[in-house]
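Just so it is clear, none of the values below were taken in a lab; they were calculated from the coordinates. Since the structure is predicted, the reported quantities are computational estimates derived from the model, not experimental observations.
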Amino acid sequence: MLNLTPHAITLRTPQGDVTFPPSGKVARVSTISVETGEIIHGVAVIRNTYGPVEGLPTDGSPCIVSGMVLAAIPAGTPGVYAPATGATAIRENGQVVAVTQLVTA
């Protein structure tokens, strides 16, 4: 599986850890910020929307991307996964060191 994040992703499985090293390519999504006109305590409130995703394989190869990239692609897009960094993630000193699940679009 192609890892399109800038860091290694470790998947903790019943058979042991599987680590996907970074591929050297990173899938990215642009963020477009728009001011809402709302001000709270003197600070502008913005709304973020996602632009196009860049860097996904064009041949349909399965890949791991960041949660932000996954959120920006259409639901049901096959073969694109993100690490599940919620309650099931393995953490040391507050940092995720492994995940036990992947999220799909």
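Of note:
- For segment 2-104, the convex hull spanned by the alpha carbon atoms encloses 145 Å³ per residue.
- What the phi angles of segment 56-66 give under the Karplus curve with 6.51, -1.76 and 1.60, with θ = phi - 60°, is a coupling list of 6, x, 8, 9, x, 4, x, 8, 10, 10, 6 Hz, glycine and proline written as x.
- For Ile9, distant residues with modelled amide H under 5 Å away: Phe20
- Our summary gives the chain a relative contact order of 25 percent, counting only alpha carbon pairs under 8 angstrom and 6 or more residues apart.
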